[in-house]
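Student: Below: one structure in structure tokens.
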Amino acid sequence: MAAEIPYRVRRATRARRVRVRVDPEHGVEVVLPSTAPERAAAAAVAELAPWIERRLVELAGARERLARTAGRLPYLDGCLELVVQSGRHRAHRDGDVLFVPAGEGTRPAIERWYRRAARVEILPRLDAATAVAGTRFARLTIRNQRTQWASCASNGAMSFNWRLLLAPERVLEYVVWHEVCHLEIADHSPRFWALLESRCPGWREPAAWLRDNGSALVL
């Protein structure tokens, strides 16, 4: 008998069916509709056990490939050294050093700093790409989406995941161009991929990098 797979349950009022996902931060997570019985989670995990085990192996492999030095975090093509300071409440960058609060406030402060930095990094790239494309976007939102790296709404509103700053710069640039192309073509038809190729030659390599390593882009 295979070893039992540990998992956590999250209730979602908007969920219409049971969903199982392998979260890089929380491990195996089962999303249950508010009216679903608890046993539905165990049944879903048992049914999807082979797929879950493959995803866990893939995640472990990605983490091994992106093994980090203790006390340092990636930032696009560079790294930031973490320095903990007692009494600090807000993360602050000075060169290649990121000063962070001590204790339980460390991780939330780091994430808030990366969110602010993501806006600073992404906004000028969006402006430059849309200028080349001759298009316009409505607004930029920085989020921590669970299943998406970015999105482009029909009204031109853009949303990007701050965790893209944990990837190489070429990955961020590819995702920006991907969404800018959606301002012209909303779907993923052959026309869309042809447009992306014309605007961002070589996009397949960063796209493959994100597909293979994205699950490990966590603090």
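Student: Give the accessible area for SER86 in Å² (nearest 10); use a 1.4 Å probe, count only protein heavy atoms, and leave out ligands, DNA and RNA.
Tutor: We get 110 Å² for SER86.
Student: Once you charge only the Cβ atoms, +1 for Lys and Arg and -1 for Asp and Glu, what is the size of the charge dipole of the chain about its Cα centre, to the nearest 20 debye?
Tutor: 740 debye
Student: What number results when the radius of gyration of the range 1-130, computed over Cα atoms, is divided by 2.2 N^0.38 Å?
Tutor: 1.40
Student: Here's another thing I want to ask about it. In a solvent-free Debye calculation with one equal scatterer on each Cα, what is log10 I(q)/I(0) for the chain at q = 0.07, 0.09, 0.10 Å⁻¹, listed in the order of the q values?
Tutor: The calculated log intensity ratios at q = 0.07, 0.09, 0.10 Å⁻¹ are -0.27, -0.46, -0.56.
Student: Step through the residues of the range 122-136 one at a time and calculate ³J(HN,Hα) from phi using the Karplus curve (6.51 cos²θ - 1.76 cosθ + 1.60, θ = phi - 60°), rounding each to whole Hz and writing x for Gly and Pro.
Tutor: 7, 4, x, 5, 5, 4, 5, 5, 5, 5, 5, 6, x, 10, 9
Student: Given a 1.4 Å probe, how much area per residue of the range 33-164 is accessible, in Å²?
Tutor: Per-residue value: 58 Å².
Student: So for the range 114-194, what percent of the C-alpha to C-alpha distances run longer than 15 Å?
Tutor: It works out to 53 percent of all Cα pairs.
Student: With a 1.4 Å probe and all protein chains in place, put TYR7, TYR75 in order of accessible area, largest first.
Tutor: Solvent-accessible surface, decreasing: TYR7, TYR75.
Student: Report the semi-axes of the equivalent ellipsoid for the range 18-87 in whole Å, largest first, where each axis is √(5λ) for an eigenvalue λ of the Cα gyration tensor.
Tutor: 34, 17, 9
Student: Can you work out ³J(HN,Hα) from phi for every residue in the range 21-26, in order, using Karplus 6.51 cos²θ - 1.76 cosθ + 1.60 and θ = phi - 60°, giving whole Hz and x for Gly and Pro?
Tutor: 9, 9, 8, x, 9, 10
The values are calculated or read from the model by the stated rules, or taken from the named source; none is laboratory data. Bear in mind that the values here come from a model prediction, so they are computed numbers and not experimental data. Using ideal geometry, Cβ is built from the backbone for each residue, glycine included, and neighbour counts are taken over all protein chains shown. Note: areas computed on protein heavy atoms with side chains; ligands, DNA, RNA excluded. Shrake-Rupley method; radii C 1.70, N 1.55, O 1.52, S 1.80 Å.
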